[in-house]
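The structure's right below; bear with me while I get my questions together.
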Amino acid sequence: MTGIHAHYSALSLPAEWLIGEDGTTITYAVPDDRIAAIAETLLALESRLVWIFCTEEREENSYTLWYVFELAEMRKYLVLVLSTSHPVSLVEIYPAASRFERAISDGFGLQFSGSPDTRRLFLHEAYPCGFHPMKKSVKNVPIVPSQHTDPYEFRSMEGTSVYQVPVGPVHAGIIEPGHFRFSVIGEDILNLEIRLGYLHRGIEKLAEGCSPEKGVRIAESVSGDESVANACCYAMAVEQILSLSIPVRAVYLRGLLLELERSWSLLSDLAGMVTDVAFSTAASRFTILREMLQRACERLTGSRFLKGIIVIGGVSHDIPDDVLMEVKDTVMRVRVELEKIQSWAISVPSVIDRFSTTGVVREPLIDPLALSGPIARASGRALDVRCDHPYGLYDTYPVSPLIRMTGDVMGRFALKGDEVLSSLSYVNELVTQIPKGPVQTEYEVRDGYALAAVESPRGRTLCFVRIADGSIDRFALSTASFCNWMALEHAVLGNIVPDFPVINKSMNLSYAGTDL
Amino acid sequence: MNLLSFLLKKPEDVQAYTPGPAFESAGHSLRQEIDRVFGHSIAIREVDCGSDNAAEIELANLSAPHYDVERFGITFVASPRHADILAVTGVVTHGMKEALLKTYEATPEPKFVIAVGDDACTGGMYAGTYATLGPVDAVLPVDLKIPGNPPTPVAIMEGMLGLMKSTKKR
């Protein structure tokens, strides 16, 4: 038995549709009139649609859509490939499809029939009508901003005493830009609509035509606080194409860097949450720990954000053992401190009052919206790419997912604290076991395509790379934030406007990682 | 009783953290220059126009305990109307151009604009692409460029010190 049938005999995908199977995916080519029916069957099997992306083929106006599904208990992703220029929308089966489809409409100009929301997603009014940057025929050169594009229409909420609170794109703090449109009655939030795209830098288009090596630096620039996760995911996709296995020492070092990044990044979330309930003493303590870790990052790689260390075939340079031991010491000191501060913060009555029952993400939302990362785990679902689809070091040294059941700000706060503690323990244990040896493998670029998945601090990161004629033909990246923003729109409903900042911080999603 | 013991508990001693000699000396010189040029303090408003959020993290770090730049007379403010300096990060995207210009207009004179990070200074790898207008000085007059991917807290302080030194009293 090969392909999907080894796992799900109920799903009838003819063997002749199978076009490939690798370490991460099982891929089937599907006729375009069958996708909706297959999606219905998959839904009945409790699968989740986690990504849709599009590629343009060499023949003019020929597009391929790639549907990535995650099935329970199945280590590989199921990918359905569809050649079509008139796709049908899957929104009614999988609500998460909506924003993926809108992104494809923006990028390639494909219209999904039956889609209830056909507004633009990442293209703002400055982009002329009919401009679709991801088409191969569109050159990556400066455009003349349009004056005539219709303004974006927010969903309208009407009724006695409903009023609107527009926030952003420039916010009060030192954070990224995005627009939040609240519809409010009194202080209660009736609806929230999030509009992003302000940071659209054309990263996917930028990568096209670049050498695979350059692609790592591009992936790294997607989001500063998850740069290792994104770079690693991209590098893993390319390594899959090249059938390259990286040296064991490099596998360990990557694991170390990924967990360090998770730790410092989640410490920012903890500090942010207590700041937003005016508990600045605890915030300062969390920030001190984060700074200690960022300095350790600098000691390891020369960059406080761990930039420049991941390369295809391993890591760019070896890290001497004495530096690793120094970092181990720091990690242990941070861990001891964090345990104290975490339990102290969580015992303060005013913190409990603000965190508990605030901003609940209900468990039934997780599958339809394809939520992942700490947001899903704090709502009682043990979803973690490191466990469900192990890669790199997690194959050898598994981690077990931590969960909380409440789904509120308190749940996310406690969970993120625990995750930092467990990441730091993981780092501490693995440092002493790193084997000696080279940290990079030679390779020769060859053509092909592959998908890779990584658990970033915020959740599931997926990266698709296709290499043609030795350079990148298509680079697509989906960070956890893309889907998780939907969780925020739902979590705030029924809460009061003054609680929005703390709910937002409890998720701390990346704007840059969504807009690309 | 619990509450009482909580309130009466002696606060725990927290170790003092220092940012390092280069940062300290830049900070103290900056303090004097700020006194000379602006009279006691400067207020900074940060605007992200296309950054990958690393520069934001470093700017926010300046107010964190290790660095604590408020002791040198530097504060970050929520409204551009309270700001002396706009710290702009990232390559300017089409989506952020209007918001950046409005923020600039809302900032009272005299004002400085500093570009923080490689992309804000030169456009970096995004220069000449469909989604961007280029570096900050393609859109606004820029008084200071602080390169780096992202610049470290020390680099940001030394950059601002250079700007203040070259400025006449206001």
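Go through region B:29-63 residue by residue and tally those that are closer than 23 Å to A:Leu306 by Cα, more than 8 Å from every other protein chain (Cβ to nearest Cβ) and open to solvent by 20 Å² or more (accessible area, probe 1.4 Å).
Adding up the residues that qualify gives 1.
Hey, among A:Leu289, A:Leu324, A:Leu270, which residue is hydrophobic (A, V, I, L, M, F, W, C), under 20 Å from the mean Cα position of the chain (by Cα) and in the same structural domain as A:Pro457 (by TED's automatic domain parsing)? If you could, list the steps in order and put the result at the bottom.
Working: A:Leu289 fails: under 20 Å from the mean Cα position of the chain (by Cα); A:Leu324 fails: under 20 Å from the mean Cα position of the chain (by Cα).
Among A:Leu289, A:Leu324, A:Leu270, only A:Leu270 is hydrophobic (A, V, I, L, M, F, W, C), under 20 Å from the mean Cα position of the chain (by Cα) and in the same structural domain as A:Pro457 (by TED's automatic domain parsing).
Let me ask another. Could you tell me whether any residue of region A:256-267 is more than 18 Å from A:Gly417 (Cα to Cα) and either in contact with a strand residue (DSSP E or B) (Cβ under 6 Å, 6 or more places away or on another chain) or free of Cβ contacts under 8 Å to residues at least 24 places away in the same chain (or both)? Break it down stepwise before answering.
Going through region A:256-267, the residues more than 18 Å from A:Gly417 (Cα to Cα) turn out to be A:256-257.
Restricting the remaining residues to those that are either in contact with a strand residue (DSSP E or B) (Cβ under 6 Å, 6 or more places away or on another chain) or free of Cβ contacts under 8 Å to residues at least 24 places away in the same chain (or both) gives none.
Scanning region A:256-267, I find no residue that is more than 18 Å from A:Gly417 (Cα to Cα) and either in contact with a strand residue (DSSP E or B) (Cβ under 6 Å, 6 or more places away or on another chain) or free of Cβ contacts under 8 Å to residues at least 24 places away in the same chain (or both), so the answer is no.
Another question, if that's okay. If the Cβ limit is 9 Å and pairs must be 6+ apart or interchain, which residue in region A:213-224 that is more than 8 Å from every other protein chain (Cβ to nearest Cβ) and at pLDDT below 95 pairs with which residue that is assigned to a helix (DSSP H, G or I) and open to solvent by 10 Å² or more (accessible area, probe 1.4 Å)?
A:Lys214/B:Met125
Here is a check on your reading of the model: is A:Gly114 under 28 Å from A:Asp33 (Cα atoms) and surrounded by fewer than 17 Cβ atoms within 10 Å (Cβ to Cβ)? Spell out how you get there, then give the answer.
Details: under 28 Å from A:Asp33 (Cα atoms): yes; surrounded by fewer than 17 Cβ atoms within 10 Å (Cβ to Cβ): yes.
Answer is yes for this residue.
Give me the residue from region A:378-399 that is in a helix (DSSP H, G or I) and of a type in the set (A, V, I, L, M, F, W, C) and, out of that set, surrounded by the most Cβ atoms within 10 Å (Cβ to Cβ). Can you show your working first?
The first filter runs over region A:378-399 and keeps only residues in a helix (DSSP H, G or I), leaving A:378, A:385-388, A:393-396.
Now restrict to residues that are of a type in the set (A, V, I, L, M, F, W, C): A:378, A:385, A:387, A:393.
On the way: A:Ala378: 28, A:Val385: 25, A:Cys387: 14, A:Leu393: 22.
Step by step, filter region A:378-399, then rank; the result is A:Ala378.
Kindly indicate whether A:Val216 is β-branched (Val, Ile, Thr), farther than 24 Å from A:Asn140 by Cα and buried (at least 19 other Cβ atoms within 10 Å of the Cβ).
The answer is no for A:Val216.
Only one of these is closer than 25 Å to B:Thr89 by Cβ and not β-branched (Val, Ile, Thr): A:Leu256, A:Leu242, A:Leu293. Name it. Lay out the reasoning, then the answer.
Working: A:Leu256 fails: closer than 25 Å to B:Thr89 by Cβ; A:Leu242 fails: closer than 25 Å to B:Thr89 by Cβ.
Every option except A:Leu293 fails the conditions.
Would you check which residues across region A:188-209 are open to solvent by less than 10 Å² (accessible area, probe 1.4 Å) and assigned to a helix (DSSP H, G or I) and list them?
Listed by number, the residues that qualify are A:Ile203, A:Ala207.
It is to be established whether one or more residues within region B:95-104 are part of a helix (DSSP H, G or I) and closer than 23 Å to B:Lys168 by Cα.
To start, the set of residues in region B:95-104 that are part of a helix (DSSP H, G or I) comprises B:95-104.
Checking which are closer than 23 Å to B:Lys168 by Cα leaves us with B:104.
Among the residues of region B:95-104, at least one is part of a helix (DSSP H, G or I) and closer than 23 Å to B:Lys168 by Cα, which makes the answer yes.
Return a yes/no flag: does region B:122-131 have any residue that is at pLDDT below 90, within 12 Å of another protein chain (Cβ to nearest Cβ) and either in contact with an Asp or Glu (Cβ under 6 Å, 6 or more places away or on another chain) or on the phi < 0 side of the Ramachandran plot (or both).
The answer is yes, given that some residue of region B:122-131 is at pLDDT below 90, within 12 Å of another protein chain (Cβ to nearest Cβ) and either in contact with an Asp or Glu (Cβ under 6 Å, 6 or more places away or on another chain) or on the phi < 0 side of the Ramachandran plot (or both).
Would you call A:Ile218 farther than 26 Å from A:Ser471 by Cβ and in a helix (DSSP H, G or I)? Explain how you work it out, then say what you get.
Details: farther than 26 Å from A:Ser471 by Cβ: no; in a helix (DSSP H, G or I): yes.
Spelling it out, it is not the case that A:Ile218 is farther than 26 Å from A:Ser471 by Cβ and in a helix (DSSP H, G or I).
Yes/no per residue for (1) touching a Pro at 6+ places or on another chain (Cβ under 8 Å); (2) open to solvent by 20 Å² or more (accessible area, probe 1.4 Å); (3) acidic (Asp, Glu):
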position	(1), (2), (3)
A:Phe279	no, yes, no
A:Ile288	yes, no, no
A:Arg295	no, yes, no
A:Leu300	no, no, no
A:Ile319	no, no, no
A:Met325	no, yes, no
A:Ser350	no, yes, no
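The values are calculated or read from the model by the stated rules, or taken from the named source; none is laboratory data. Just so it is clear, the structure is predicted and the values come from calculations on it, not from any experiment. Positions of Cβ are generated from backbone atoms using ideal geometry, with glycine treated the same way; all protein chains shown enter the neighbour counts. What goes into the accessible areas is simple: the full protein's heavy atoms, side chains included, and nothing from ligands, DNA or RNA. Shrake-Rupley method; radii C 1.70, N 1.55, O 1.52, S 1.80 Å.
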